[in-house]
Amino acid sequence: MNTVEKYRRVFGSMSHLKDQITWTNSLSNMVEFLAWEPQRILGITKKQYVRQIIEWATHPELAGKNIEEIEQSIIKKLNQKMTESEQLETYSTQTSGICDAREAVRRVTFFSEDYLNKEFDIFLSLCSDVYLDLFYQQFISFEPNRSWSTHGNSGMFENSTELKAMYMDNLAYNHQANVLVANELKLAGRKNPDQILKYCLMYEHLLEKGFIEQGTKFLLLFIGGDALKQNKQTLVDRELALCHKRPRKYQHLLRTELLEIVEHLEVASISWSALIEFNNRYLAENDTCQVEQKLLQGFHQSLESKSFMQLAV
């Protein structure tokens, strides 16, 4: 039984992006993120952590000591390392080194883009279809019909689609309107040098596997510290120039079929500050329930607490 089969046997799978994934799945995705990246909890990679323990345990000063004595010595050294790396200022730039639970939470809450991705997964999965209609109509035209499903980057998505070479952030799909939106989230960083072409590769794969329908409109929406300063053609030309410089590495992104998808792709962007402004207008202009009000306001508070938002003030 291979990895995909093991995952599907335990957690199940989906067969189409129109399949609704419950918001509780986004919580398990958060656990999955931490399980696959234990350095977020340990403060260093698991390999580095194991090596450090081995070095301490085999140090000459512990020669001839029994297990309990070795254990106490290592616990003492770990506690010392945790004390040294602990930060008492919210936005201290120290974000590496063996740490305790409180420091680990500080680092992911205020500095981690991956953690923000998981917060966004939960946020989007709980937003009303009315909200998603109005939000995405700013960037792409379609008939609103309240038929959205959202998907985070997770084992469910990867093992269902068997898409191994693409690490998307979040997808929003409207089956009735035949619209796919890829939400690419950034803290304050720039887009990756081959990101548009890779998203087109993802679109091609989803189409071939039957997860979306022929003719699905495709929007790549960047959400970050600032809006993009270049238009789609300029961005694509730069990516193609990079691929032509290194054809052996990027030949899979230079196929004619993929370039046809690029032609029909729409690219847009919005800053986190502009997203908050949109949400405030949405709350002021629409008759929203208390749950959605709390959802949007809570997400605002989390966004505004991020380190990059503090630097932008």
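The values are calculated or read from the model by the stated rules, or taken from the named source; none is laboratory data. Keep in mind it's a predicted model, so treat the numbers as computed, not measured. A quick note on method: Cβ atoms are made from the backbone with ideal geometry, for glycine too, and the neighbour counts reach across all protein chains shown. Calculation scope for accessible area: heavy atoms of the full protein, side chains included, ligands and nucleic acids excluded. Shrake-Rupley method; radii C 1.70, N 1.55, O 1.52, S 1.80 Å.
With respect to the conditions (1) within 25 Å of Glu113 (Cα to Cα); (2) modelled with pLDDT of 95 or more; (3) among the acidic types (Asp, Glu), Glu69 lacks only one, and its number is (1). On the stretch given as region 265-298, residues that are in contact (Cβ under 8 Å) with a residue 24 or more places away in the chain, within 21 Å of Leu219 (Cβ to Cβ) and within 24 Å of the chain's Cα centre (by Cα) total 13. For the residues Gln214, Gln251, Gln195, the requirement of being over 23 Å from Tyr173 (Cβ atoms) and of a type in the set (S, T, N, Q) singles out Gln251. Only one of the listed residues (Leu295, Leu303, Leu275) is outside any strand (DSSP E or B) and in contact with a strand residue (DSSP E or B) (Cβ under 7 Å, 6 or more places away or on another chain). That residue is Leu275. Among residues of region 75-132 being of a type in the set (Val, Ile, Thr) and either open to solvent by less than 50 Å² (accessible area, probe 1.4 Å) or in the same structural domain as Ala188 (by the TED database) (or both), the one that is nearest to Thr24 (Cα to Cα) is Ile122. When Thr234, Thr288, Thr216 are checked against the criterion of being farther than 28 Å from Phe123 by Cβ, of a type in the set (Val, Ile, Thr) and assigned by the TED database to the domain that holds Thr161, Thr234 stands alone in meeting it. Restricting to region 225-260, name every residue that is in a helix (DSSP H, G or I), more than 26 Å from Phe139 (Cα to Cα) and open to solvent by 80 Å² or more (accessible area, probe 1.4 Å). Within region 225-260, His244, Lys245, Arg248, Lys249, Gln251, Thr256 qualify. Here region 143-191 is the region considered, the condition is being modelled with pLDDT of 90 or more and on the phi > 0 side of the Ramachandran plot, and the residue that is surrounded by the most Cβ atoms within 10 Å (Cβ to Cβ) is Asn178. Scanning region 64-91 for residues that are more than 23 Å from the chain's Cα centre (by Cα) and in a loop (DSSP other than H, G, I, E, B) turns up Gly64, Lys65, Asn66, Glu86, Gln87, Leu88, Glu89. If you take the residues in region 11-36 that are open to solvent by less than 50 Å² (accessible area, probe 1.4 Å) and outside any helix (DSSP H, G or I), which one is modelled with the lowest pLDDT? Within region 11-36, the match that is modelled with the lowest pLDDT is Ile21. Which condition from (1) farther than 30 Å from Phe11 by Cβ; (2) open to solvent by 60 Å² or more (accessible area, probe 1.4 Å); (3) modelled with pLDDT of 95 or more is the one that Gly64 breaks? It is condition (3) that Gly64 fails.
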